[in-house]
Structures are given as C-alpha cells and as structure tokens.
Amino acid sequence: MSGLKTSQKEGGRIITISPVTRIEGHAKVEIILDDRGNVREAYLQIAELRGFEKFCEGRLVEELPGIMPRICGVCPGAHHMASVKAVDAVFDAEPTETAKKLRELFLCAHIYHSHTAHLYLLAGPDFLAPSEPAERNIIGVVKRLGVEFGREIILNRRYAQRVQEMMGGKATHPVFGLPGGVSRPLSDEDRKAIEGMFRSMLSFAERSLSLWEESILKRGIVDLLKGDPYHLETHYMGMVDKDNRVNFYEGEIRVVDPGGREIARYRPEDYLDFIGEHVEPWSYLKFPFLKRIGWRGITDGEESGVYRVNSLARLNVSEGMSTPLAQDAFERMYEFFGCKPIHATMAFHWARLIEALYAAERGLELLADPEITGGDIRSEVKRPVGEGVGVVEAPRGTLYHHYMTDGEGIVQRVNLIVATAQNNAAMCLSVKRAASSLIRNWEVGGEILNMIEMGVRAYDPCLGCATHSYIGQMPLKVNIRRANGEIYRSFTRP
C-alpha cells in the first residue's frame with residue numbers, strides 16, 4: 001500500500017504518495033492543493049541514482065555488454081542487446097545473419113518475460129484483483145482468476161526466463177553477445193526445447209488477450225480507457241522495419257505527431273539530431289524532448305516537444321504487426337478506439353498484450369528458420385573506429401546506448417537514453433491530469449490515490465536504470481521540514 005502524508009503550505013495542502021507502489025524502482029508523487037481543495041500542481045519525483053555512464057569510462061569497450069545488464073534486474077536483456085550493438089558499431093563489425101536472428105529471438109523472450117511480469121504482478125492487480133488494497137497484488141489476481149491460471153502465469157514467465165538462460169548463458173545477466181555476433185550457436189536439441197516453450201507462451205498470450213478483451217473490458221474499464229483522467233495527446237516514437245511494422249531488434253526510428261502524421265524517420269546512429277535532454281532541479285531523471293520542436297515545458301499537444309515510447313507508442317507509429325495473430329489483435333484494438341494514434345494511457349496495457357503475442361509468434365518464426373542453427377555466428381572484428389550507437393526496443397520503449405572510445409577501444413564517454421526517461425514528462429503529465437480530474441473540493445481517499453498511481457504504472461517505469469546523474473552531480477533540491485510539515489530550510493547541492 002502507498003505511503004500517504006499530508007502537510008500544509010500557503011493555505012493549501014500537500015498530499016504525498018511515497019512510495020509509488022508496484023513499479024520497478026522508487027518514486028514519489030507530491031500533489032499540491034489550492035485553498036479550495038483542488039489540484040494546483042502535481043509532481044512525479046524520482047530519487048534514485050545511477051552511475052553507469054561515469055564508471056564505465058576507462059574500461060575496454062568490449063567489456064560493456066557484460067557490465068550494462070547490471071543496470072537493471074528487470075530489463076538486463078535489452079541493455080545487453082543495445083550494448084552489444086553499440087560495440088558492433090565501435091568495431092565496424094556487421095553481425096552475421098544467424099547472429100542477428102539469435103539476438104532477436106533472445107530479445108523476443110526477454111520482452112515476453114517482462115510484459116508478463118508487468119501485466120500480472122504490477123499493473124494487473126488494478127484490474128484483476130479484488131478492490132481491497134490488501135489484496136491488490138498477485139495473490140489477489142490468483143484468487144480471482146483461479147489457481148490453475150496462476151500456475152500458467154508462473155510457468156510461461158519461467159519459460160521466457162529459461163530461454164534467456166539457455167541462450168544468454170545466465171538467466172538475469174546475459175553474456176552471449178560479442179562484437180560481430182554471439183558466443184555460441186543454437187543446437188538443434190536446444191532449438192526443439194525452446195520451440196516447445198514458445199508454443200506454450202503463444203497459447204498463454206492468446207489466453208491473456210482473450211481475458212482482457214472478453215472479461216476486463218466488460219468490467220467497467222472502458223471508462224478508464226477512454227476517460228479524461230488518462231487521456232494525453234503527445235507525439236510517439238518507436239522502431240519500425242522497412243514496411244513500417246513493429247520490430248524490436250532492428251530498423252529505423254519513426255516519430256508521429258498527435259494526429260498520426262510522420263514528422264521524423266531516422267537511423268539510430270542519428271538520434272542526437274532528433275532528441276534533446278532537459279533538466280529540472282527536482283528530479284534525478286532528465287526530460288528528453290524532440291529537438292525540432294524544442295522544449296516547451298511539461299505540456300502535451302502538437303506544439304509540445306514531449307513524446308512517448310513503450311508498447312502503445314510502438315503500435316501508434318507502426319502500420320501494423322508482421323505476424324498474423326498479432327495483426328488481428330492490433331486491428332481489434334484500433335477498431336475499439338476508432339482512431340489512430342490512440343491517446344489513452346491505459347491502452348499501454350492492451351498494447352503489451354498484443355506485443356507479447358507478437359513476441360511469441362515472431363519467436364516461432366525465427367525458430368522455424370533453418371539459419372537459426374547455423375554455425376556462422378560471428379563476423380570479422382576490426383580495429384575500433386572510435387564511436388558506436390546501439391538501439392533496440394526494450395520492453396519499456398526505445399533504448400539508446402552510445403559509446404565513444406579512443407583508438408585502442410578504451411571508453412572515453414558513455415551516453416544512455418532509456419525508455420523511462422523518454423516517458424518522464426508524459427508520466428508527470430499523467431499524474432497531474434489524473435489528480436486534477438479525480439481530486440475535487442478536498443475529496444481524496446485511498447482509491448483515488450491508487451488511480452493516480454495507475455497513471456504511472458501504465459508506463460511500466462524502470463527507474464533504477466533511468467536516472468541520469470552520478471555522484472557529485474545531484475541536482476535535487478532538499479527540503480527540511482518541521483514536525484508540522486512547514487519547510488524549515490531548503491538547499492541544493494552545487
């Protein structure tokens with residue numbers, strides 16, 4: 001259950017939700033009410049620290065694919081893939097076709113694993129568990145859906161993790177990506193075992209999607225999906241293939257505006273021409289924005305540089321899915337809303353279900369390719385060219401790794417732009433929109449506060465790997481409060 005604190009300030013009241021629950025990492029929400037008991041301002045504050053960009057300096061660049069997965073225990077596979085792609089570029093090494101397919105297969109398992117965890121353990125209890133706060137968790141989900149369904153959740157998430165372990169060498173911190181390829185081929189015996197797991201994962205993804213479409217949508221969630229508290233009109237960004245279909249591993253980055261019009265399409269290595277990063281003193285987390293529009297503050301709409309990534313964004317920028325079952329599900333979702341792009345924040349969950357289905361289907365396609373068990377798994381590695389960018393779609397959205405080295409491959413500088421950071425401004429907007437819509441005339445309680453948290457959980461934020469500061473550069477303002485909540489002293493670390 002969330003921690004709730006209230007304090008007085010300038011005739012109004014500050015409502016603090018700390019910590020925000022059922023997310024990866026630590027965050028708090030501060031809602032400032034005016035003297036009429038309505039929302040004047042609301043903030044999502046991130047108080048975690050990540051130092052990876054700094055302490056990777058001075059290391060051999062080929063070490064980074066083994067280091068970067070330690071950023072996060074939830075999305076290590078995505079960091080491993082982005083990192084090894086960046087190292088490919090540093091060494092000017094184009095991976096073999098077999099290596100690319102093995103990497104994509106691994107990434108499909110990784111995204112399935114993460115989406116299943118979020119859908120049932122973190123966000124799912126808001127829709128699937130009993131309404132009592134004490135049961136708004138995985139135990140409540142199992143109580144409502146039944147023990148057998150609970151076993152299916154655990155089994156198929158375990159399968160996705162087992163695939164990553166078999167291919168990556170470790171279940172959580174993979175080690176199989178190398179410059180120009182991968183460290184080991186896939187044997188036919190392992191291919192058959194993995195195929196069996198992916199077939200189970202596909203079946204469960206279909207069942208999960210049916211649960212959403214046939215059960216959840218009939219239980220009042222339509223008001224949440226289409227209601228004003230969770231409506232946000234932003235730009236969207238995601239990776240697409242040459243046919244503008246969703247692709248997790250390889251492609252170009254496409255950006256559409258709130259009306260669905262393409263406003264940018266670029267190669268991953270050109271990202272700095274399109275993305276800028278703004279800093280606010282009250283959060284460790286930066287605020288990426290679209291450079292061509294500029295930073296106009298934490299606002300939405302066509303004139304704002306704020307954009308969103310993640311599952312719904314990927315579907316919004318695409319023209320569909322490349323696998324048949326996922327394409328059918330894609331069409332049903334857009335038919336339900338009757339528009340494209342979809343601006344309903346809660347639809348991120350629906351999009352995750354479609355992506356889980358796609359990940360399982362695409363995995364089976366790759367496993368049916370004879371080249372997947374080929375022995376040509378690594379290309380020639382040349383001398384470092386000094387710089388490389390690697391981009392993949394992580395479960396939470398587009399992930400950028402950018403490494404700069406000297407002529408010997410020693411890292412001089414690292415820049416990471418992770419998905420949660422790119423959603424930072426949108427999460428702040430979602431908190432304020434939900435709070436402003438739900439809190440009226442001092443009327444606020446646990447259910448309303450949980451609905452405000454739901455606006456954060458929809459993005460599946462991973463805050464530990466998103467923060468962009470290191471020791472000695474902490475931009476947070478510190479408030480020391482008296483027992484009655486009044487601010488006694490404030491200071492900012494220089």
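The mean sequence distance of close C-alpha pairs (under 8 Å, at least 6 residues apart), as a share of the length of the chain, puts its relative contact order at 25 percent. To the nearest ten degrees, helix 424-438 and the longest principal axis of the Cα atoms of the chain are 40 degrees apart. Between beta-carbons, use under 12 Å as the cut-off and find the net charge around Ala434, counting Lys and Arg +1, Asp and Glu -1. Neighbour charge sum, excluding Ala434 itself: +1.
Note on Ser183 and Asp273: the extension gain reaches 29.0 nm, defined as 0.36 nm multiplied by sequence separation minus the Cα-Cα distance. Counting only residues at least eight positions apart within a chain, or on another chain, the lysines with an alpha carbon under 17 Å from that of Lys54 are Lys286. Per residue, the chain reaches -11500 deg cm²/dmol at 222 nm when only DSSP H runs of four or more residues are counted, each adding -39500 (n - 2.57). Under the convention that each Lys and Arg Cβ holds +1 and each Asp and Glu Cβ holds -1, the size of the dipole of the range 232-343 around its Cα centre is about 100 debye. Could you tell me which of Ile487, Val431, Ser208 has its Cα farthest along the dipole of the chain towards the positive end, charges placed at Cβ (Lys, Arg +1; Asp, Glu -1), taken about the Cα centre? The Cα lying farthest towards the positive end belongs to Ile487. Return the FRET efficiency for the residue pair Ala368, Arg296: r is the Cβ-Cβ distance, R0 is 41 Å, and the value is rounded to the nearest 0.05. The calculated FRET efficiency here is 0.30. Residue separation of Glu408 and Glu135 scaled by 0.36 nm, minus their Cα-Cα distance, works out to 92.7 nm of gained length.
Toward the positive end of the charge dipole of the range 205-342, with +1 on the Cβ of Lys and Arg and -1 on the Cβ of Asp and Glu, the farthest Cα among Ala313, Tyr230, Pro268 is that of Tyr230. Mean sequence separation of contacting Cα pairs (under 8 Å, at least six apart), scaled by the length of the range 232-343, corresponds to a relative contact order of 31 percent. Of the trypsin sites (Lys or Arg not before Pro) found in the range 193-246, the ones in coil according to DSSP and having at most 14 other Cβ atoms within 10 Å of their Cβ are Arg219, Lys242. The slack in the chain from Trp442 to Glu319, taken as 0.36 nm per residue of separation less the alpha-carbon distance, amounts to 39.8 nm.
FYI, it's all coordinate maths here, none of it is from the lab. No experiment lies behind these values; they were computed from the predicted model shown. Neighbour counts run over all protein chains shown; Cβ positions are idealised from the backbone, glycine included.
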